[in-house]
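Enquirer: What follows is a single structure, and I will ask about it in a moment.
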Amino acid sequence: MHTSQLTRTGLVVLLAGQLLPMIDFSIVNVALDAMSQTLRAGPVELALIVAVYGIAFAICLAMGGRLGDNMGRRAVFQAGVAIFGVASLLCGIAHSVALLMFARALQGVGAALIVPQILATLHVTLSGREHARAMGLYGGIGGLAFIIGQVLGGFLIKADIAGFGWRSVFLINLPLCLFVLMTARRTIPETRNAQRVAVDIAGTLLLASAIGCLMLALALGPLLHWSWPCWALLALFPLLLLRLRRSAIRLENAGGVPLLPPSLLRLPSVRFGLTLAVLFFSCWSGFMFAVALTLQTSLHMTAFESGNAFIALGAAYFVGAMRSTRTVERYGKRTTLLAGCAIQMSGLLALIATFHFHWASLGVTTLIPATLLIGFGQSFIVSTYYRIGMQGVPHHQAGAASAVLSTVQQTALGLGPMLLGAIYTQIAHHGSPLTAISGTLVAELIMMSVLVLATSVNRTPFQCATVTR
């Protein structure tokens with residue numbers, strides 16, 4: 001269908017909406033200690049406060065993409081922002097763990113309605129250099145928001161504005177929600193598929209069950225000492241995925257449109273994008289978790305100081321993201337991705353050396369050289385993720401593709417702290433905190449090496465024809 005060109009103002013509004021769900025992934029981490037004291041929440045309850053947001057987000061993403069395709073992406077985007085705002089208000093006034101968990105889950109639902117509409121709208125309303133620039137901004141803002149959450153959360157907790165304490169990390173969302181809701185209708189063109197597609201109820205339930213089993217098991221496993229219910233949930237995950245695949249193939253063969261179309265997953269660019277997501281984003285969130293844990297528990301930094309340790313990383317990330325469009329145009333996506341991996345891995349090696357040589361006197365400024373490299377490298381990797389994953393995707397599958405990529409990305413972000421956190425805890429149990437963080441960073445280096453190998457030997461995803469815009 002014919003669509004209007006997205007203006008720069010509309011792009012700003014979309015990216016402002018993107019900040020909401022991304023920041024909330026990390027901002028709550030620095031408020032957990034204050035929450036535990038106010039609400040008398042134990043370790044399991046704190047883990048669930050973090051986990052229910054990611055679970056609801058990941059579970060509903062694919063459905064969010066389908067709703068946008070059918071009902072209009074701007075309308076669903078606005079509904080998601082409204083739900084997210086109401087949920088943030090409920091989080092800010094919650095006086096019980098149960099209400100806070102419910103509100104966090106509702107935030108996840110709102111986030112799942114927001115995110116697919118942004119990427120799909122960029123895909124169908126922009127072309128050429130404007131499309132490439134917008135994709136660079138999308139990747140840059142998404143990654144930078146993760147860092148902003150760490151820094152902003154630490155500042156808000158320390159500032160204790162109007163005595164709100166940890167509640168301010170949720171209430172800070174309200175002005176941004178109001179701005180987006182007041183400007184979206186007149187700045188963002190409405191887009192939808194020419195034909196409405198029936199909702200794949202079976203696929204939705206199977207995907208929700210699979211992701212829920214995986215993320216709930218990973219969230220509660222360490223706290224429940226990996227008792228049999230956790231292993232049972234993990235065992236159900238691949239079985240449910242297999243059932244989902246069979247259901248999707250059966251529906252597509254019958255002429256229907258499944259929630260996760262097998263024809264879409266057969267695109268080399270999409271498959272490689274999913275591989276990139278699993279390897280990189282799990283490393284990324286695991287890195288943020290392990291380093292923040294080391295700074296606060298082993299080096300006794302405050303939440304504010306720990307957040308400030310990531311400022312240089314965030315600044316380098318933003319600069320790199322702004323340069324990524326020209327870099328991709330000049331050198332190509334494959335070379336840009338490999339360069340990003342090489343720079344980030346150099347930064348990880350520098351960070352290991354920094355911990356070893358300055359452990360006793362480590363400060364925020366000591367970390368700057370290594371974190372600058374890490375942030376710059378990460379920006380190149382993230383900027384290529386959506387460019388690769390959306391390459392060759394037909395317009396009528398834009399919502400489904402963006403939802404698939406975002407679902408795997410968010411699942412990987414939830415997986416990272418559990419995976420690298422388990423490595424950190426296991427090493428720390430038998431050695432020192434210095435050995436633990438070093439071993440965790442080495443594990444990340446190994447995972448990034450696998451990504452480099454996969455990129456080096458597989459050229460097909462980077463040679464896919466791009467659809468006509």
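The values are calculated or read from the model by the stated rules, or taken from the named source; none is laboratory data. Please read these numbers as outputs of a predicted model, since none were measured by experiment. Please note: Cβ atoms are built from the backbone with ideal geometry, for glycine as well, and neighbour counts cover all protein chains shown. The accessibility values were calculated without ligands, DNA or RNA, using every heavy atom of the protein model including side chains. Shrake-Rupley method; radii C 1.70, N 1.55, O 1.52, S 1.80 Å.
Enquirer: Kindly indicate whether any position in region 181-189 is assigned to a helix (DSSP H, G or I), open to solvent by 70 Å² or more (accessible area, probe 1.4 Å) and touching a residue at least 12 places away in the same chain (Cβ under 8 Å).
Expert: Yes, the conditions are met somewhere in region 181-189.
Enquirer: Looking at the structure I just gave you, is I446 more than 23 Å from F272 (Cα to Cα), of a type in the set (V, I, T) and at pLDDT 75 or above?
Expert: no
Enquirer: Q18 fails exactly one of the following numbered conditions: (1) at pLDDT below 85; (2) crowded, with 17+ Cβ neighbours inside 10 Å. What is the number of that condition?
Expert: Among (1) at pLDDT below 85; (2) crowded, with 17+ Cβ neighbours inside 10 Å, Q18 violates only (1).
Enquirer: Ok, one more. Could you list, in sequence order, all residues of region 398-419 that are modelled with pLDDT under 75 and surrounded by fewer than 24 Cβ atoms within 10 Å (Cβ to Cβ)?
Expert: M418 - this is the single residue of region 398-419 that is modelled with pLDDT under 75 and surrounded by fewer than 24 Cβ atoms within 10 Å (Cβ to Cβ).
Enquirer: Let me ask another. Please verify whether region 294-312 includes one or more residues that are closer than 30 Å to I388 by Cβ, touching a helix residue (DSSP H, G or I) at 6+ places or on another chain (Cβ under 8 Å) and among the acidic types (D, E).
Expert: Checking region 294-312: not a single residue is closer than 30 Å to I388 by Cβ, touching a helix residue (DSSP H, G or I) at 6+ places or on another chain (Cβ under 8 Å) and among the acidic types (D, E).
Enquirer: Go through L178, L205 for me and flag whichever is under 30 Å from S247 (Cα atoms), part of a helix (DSSP H, G or I) and open to solvent by 50 Å² or more (accessible area, probe 1.4 Å).
Expert: Selected residue: L205, the only one of L178, L205 that is under 30 Å from S247 (Cα atoms), part of a helix (DSSP H, G or I) and open to solvent by 50 Å² or more (accessible area, probe 1.4 Å).
Enquirer: While we're here: What are the residues in region 354-370 that are touching a residue at least 12 places away in the same chain (Cβ under 8 Å), open to solvent by 10 Å² or more (accessible area, probe 1.4 Å) and in a helix (DSSP H, G or I), if any?
Expert: Passing the criteria: T354, H356, W359, T366, I368, P369.
Enquirer: Could you say which residue among L113, L89 is open to solvent by 10 Å² or more (accessible area, probe 1.4 Å), under 17 Å from the mean Cα position of the chain (by Cα) and of a type outside the set (V, I, T)? I'd like the intermediate steps shown before the answer.
Expert: On the way: L89 fails: under 17 Å from the mean Cα position of the chain (by Cα).
The unique qualifying residue is L113.
Enquirer: Let me ask something else. Which of the residues spanning region 256-276 are in a helix (DSSP H, G or I) and open to solvent by 40 Å² or more (accessible area, probe 1.4 Å)?
Expert: S263, L265, R271, T275
A quick yes/no check of all residues on (1) over 20 Å from E45 (Cβ atoms); (2) open to solvent by less than 20 Å² (accessible area, probe 1.4 Å); (3) touching a His at 6+ places or on another chain (Cβ under 9 Å):
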{"residue": "A210", "(1), (2), (3)": "yes, yes, no"}
{"residue": "P222", "(1), (2), (3)": "no, no, no"}
{"residue": "H225", "(1), (2), (3)": "no, no, no"}
{"residue": "C230", "(1), (2), (3)": "no, yes, no"}
{"residue": "F237", "(1), (2), (3)": "yes, no, no"}
{"residue": "L242", "(1), (2), (3)": "yes, no, no"}
{"residue": "R245", "(1), (2), (3)": "yes, no, no"}
{"residue": "A248", "(1), (2), (3)": "yes, yes, no"}
{"residue": "N253", "(1), (2), (3)": "yes, no, no"}
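Enquirer: Further question on the same structure: Identify the residue in region 161-175 that is closer than 20 Å to R104 by Cα and β-branched (V, I, T) and, among all such residues, is surrounded by the most Cβ atoms within 10 Å (Cβ to Cβ).
Expert: By that ranking, first place goes to V169.
Enquirer: So how many residues does region 378-398 have that are assigned to a helix (DSSP H, G or I) and more than 17 Å from the chain's Cα centre (by Cα)?
Expert: The total comes to 4.
Enquirer: Continuing with this model, one more query. Could you list, in sequence order, all residues of region 193-202 that are in a loop (DSSP other than H, G, I, E, B) and open to solvent by 20 Å² or more (accessible area, probe 1.4 Å)?
Expert: N193, A194, Q195, R196, V197, A198, V199
Enquirer: Kindly check whether there is at least one residue in region 320-336 that is within 16 Å of A454 (Cα to Cα), surrounded by fewer than 22 Cβ atoms within 10 Å (Cβ to Cβ) and touching a Cys at 6+ places or on another chain (Cβ under 8 Å).
Expert: no
Enquirer: Next up: Restricting the first residue to region 215-231 and requiring it to be over 20 Å from I49 (Cβ atoms), which pairs with a second residue that is of a type outside the set (S, T, N, Q) meet a Cβ separation below 8 Å and a spacing of at least six or different chains?
Expert: Within 8 Å, the pairs are W231/A217.
Enquirer: Determine whether G307 is at pLDDT below 80 and in a helix (DSSP H, G or I).
Expert: yes
Enquirer: Output the number of residues of region 112-157 satisfying the condition of being closer than 17 Å to T187 by Cβ and not in a helix (DSSP H, G or I).
Expert: 1
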